[in-house]
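Engineer: Below is the structure I would like to discuss, written out as structure tokens.
Taken together, the values in this text are just the output of simple stated rules run on the coordinates, not laboratory data. Only a predicted model underlies this, so the values are computations on that prediction, with no experimental measurement involved. As a convention, Cβ positions derive from the backbone with ideal geometry for all residues, glycine included, and neighbour counts pool all protein chains shown.
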Amino acid sequence: MNARNPEFGGRVLSLTADELGVVESYSIQKCNQGSDNGEIQVTFDLVAITNGEGDLSRRIVPSKRSLNVVYKLISRQGHWYVLDPPKPMVSRVKLTEALRDAATSMATVVQNPMASQAQKKQHVKYKQELEILQTLK
């Protein structure tokens, strides 16, 4: 975390470049809070992970397991921040909705004869990822 700009610390700038955990659900197990620090233990029901950089090289890999993550917190000037944030997690349902929206919006683009090969590949990739996510229910 940058002491001069704590709002920037731990921000995920590009979800397509970062590895993600895809979760079905989560539960908060423990929460300990001091005056300026704390810890929260969360159990995630992981169904997949993503890896690869960028949309076209990203892969969704099924990985069903329970995962315990401890978030270490610090309070500065009335705001709480996560120190050294772990791998980001995303809901399977929300990721499915986002990919469905992206594929739908690209469907008309790729029908245009002027559509690039990259656009066509991206559309196919979104549909493939949707199929994988739907098998994880």
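Engineer: Over 14 Å, how big is the tail of the calculated P(r) for the range 25-83, in percent of all Cα pairs?
Structural biologist: Working: 1112 of 1711 pairs.
The calculated P(r) of the range 25-83 puts 65 percent of pairs beyond 14 Å.
Engineer: Using the structure shown, select from Lys64/Lys120; Lys30/Lys64; Lys64/Lys87; Lys87/Lys137 the pairs with a Cα to Cα distance greater than 27 angstrom. All intermediate terms of the calculation are to be shown ahead of the outcome.
Structural biologist: On the way: Lys64/Lys120 31 Å; Lys30/Lys64 23 Å; Lys64/Lys87 16 Å; Lys87/Lys137 22 Å.
Over 27 Å apart, Cα to Cα: Lys64/Lys120.
Engineer: Tell me the net charge near Phe44. Cut-off is 12 Å between Cβ atoms, Phe44 excluded, with +1 for each Lys or Arg and -1 for each Asp or Glu. Spell out each step's value before the answer.
Structural biologist: Working: positive: Lys64, Arg65, Lys87, Arg92; negative: Glu24, Asp45.
Neighbour charge sum, excluding Phe44 itself: +2.
Engineer: Given the C-alpha centroids of the range 66-137 and the range 26-48, what is the distance between them in whole angstrom?
Structural biologist: So the separation of the two Cα centres works out to 23 Å.
Engineer: From the P(r) of the range 20-135, could you give the percentage of C-alpha pairs in the tail past 21 Å?
Structural biologist: Details: 3393 of 6670 pairs.
The calculated P(r) of the range 20-135 puts 51 percent of pairs beyond 21 Å.
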